[in-house]
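Here is the structure we will look at.
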Amino acid sequence: MSHPHEPDPLDALRAANPVNDDDLPSASLARLRARMQETVMNEPHGARPGRRRLGLAAIAAGAAIALAVVVGQPAAEPANPSPSPGTGSASCVESYSLATLANRSFAFDGTVTVIDGDSVTFTVNEAYRGVSGDAVTLQAPGMTGTTITSAGGPVLVSGERYLVAGDATFAWACGFTQRWDAAVAAEWSGALGS
Amino acid sequence: MGQPDNRASQQLAAAFEAHHRRLLAYALRRTNALSDAEDVVGETFAVAWRRVALMPPAGQALPWLLAIARRVAANRRRSGRRFLGLLDRLQRVSSEPAPVVPTSPASDALARLPSTDRELLTLLAWDGLTQAEAGAVLGISANAVAIRLLRARKRFAAELDAIAKGSDDDRTPAQAKGMVPGRSARDRSS
């Protein structure tokens, strides 16, 4: 009886916890968010995998789980249409057109300055909609070369100029982000009323 | 159909916001790589989305989600063993190193326990669940949890003692005879 006070052995186990919830990698958490959005968009709840029914569910889910934009806050927060890494999905939620472009919460003419994983920072050359400030950082899964997808987005290159549209913190692929072109830029400006 | 879909997606989103960190921590403790842990959590929410009608309110959804994650992780471990066997044969290594799990007497003692004991104890000590919540994850009653916990706690304490005594043997004969752990021979002589 050398130990008059017996500690709870579970206290020792608690102290040996190898993973602290507060120390999880932020990039990992961001990837989970993107994946979550994709799940909600591509797979209707209560249905068998493989059937597709997109709509308000996707938009509402995206609204609730949107990531924070570092600079320049887009207004609405729907979902990211481009596949997140590793899933192999290649669908576009909406086909690109000037009409569907008008559904995006932000659109701008920007030049890539920093690419960090799926996170891309643009300097804003001209804001058409939903962007304030001189720079904006967005998630662009499938467009940074970190994963191979067939989502129809360009591989963004630092220093290159693009027309970028999307929702929440996500740049959409499928034509909603494309290399800058004067004629297309004029169309965007006209369609978005800037 | 827009309104029900909207509610369902908001419900799932609320559960995600409330619990994705704890789910990732849970998965990371049970897998060998961060990418595997992300896959477990991603698949967990995919399953949750398919069964969202059965999901408890977000604030109470953690045990339900952990139960899914537990099954997903188990399935991945089974397929992972096959895959790693193939990798071994090909003499390839993963590009993402396994997380370094710091060793301690407690973690060593835990490793010596049966898997059922380990699972229950870590749900309580690491995942912060109540006994009732742990029972929900494991699919057993609260009464069964209490009985299993009593035994697991005893076994864990016994292993801790055994390790402490083994460590003492490694240090000095005096400590091995039951002296206060951690005191050096010079301390005791003073």
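The values are calculated or read from the model by the stated rules, or taken from the named source; none is laboratory data. Everything numeric here is computed off the predicted structure, so don't read it as measured data. Using ideal geometry, Cβ is built from the backbone for each residue, glycine included, and neighbour counts are taken over all protein chains shown. Keep in mind that these areas ignore ligands, DNA and RNA; they rest on the heavy atoms of the full protein, side chains included. Shrake-Rupley method; radii C 1.70, N 1.55, O 1.52, S 1.80 Å.
Table for the structure above
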{"read-out": "14 Å beta-carbon shell around A:Arg161, net charge (K/R +1, D/E -1)", "value": "-3"}
{"read-out": "Where labels lie 7 Å past Cα in the beta-carbon direction, separation of A:Asp22 and A:Asn103 in nm", "value": "4.2"}
{"read-out": "Label-point separation, B:Ala111 to B:Ala158 (7 Å along Cα→Cβ), nm", "value": "2.1"}
{"read-out": "Accessible area that becomes buried as B packs against A, both chains, 1.4 Å probe, Å², nearest 100", "value": "3700"}
{"read-out": "Cα→Cβ-extended label distance, 7 Å offset, between A:Glu187 and B:Arg151, nm", "value": "7.0"}
{"read-out": "Shielded by partner chains, the range B:25-50 residues - at least 20 Å² of accessible area, 1.4 Å probe, vs chain alone", "value": "B:Ala25, B:Leu28, B:Arg29, B:Leu34, B:Glu38, B:Asp39, B:Gly42, B:Ala46, B:Trp49, B:Arg50"}
{"read-out": "Order by protection proxy (mean Cβ within 10 Å, highest first), peptides B:52-61, B:9-18", "value": "B:9-18, B:52-61"}
{"read-out": "Neighbourhood charge, 9 Å Cβ-Cβ cut-off, centred on B:Ala69 and excluding it, Lys, Arg +1 and Asp, Glu -1", "value": "+2"}
{"read-out": "Net length gained if the chain between A:Ser95 and A:Val114 were fully extended (0.36 nm per residue, minus Cα distance)", "value": "4.1 nm"}
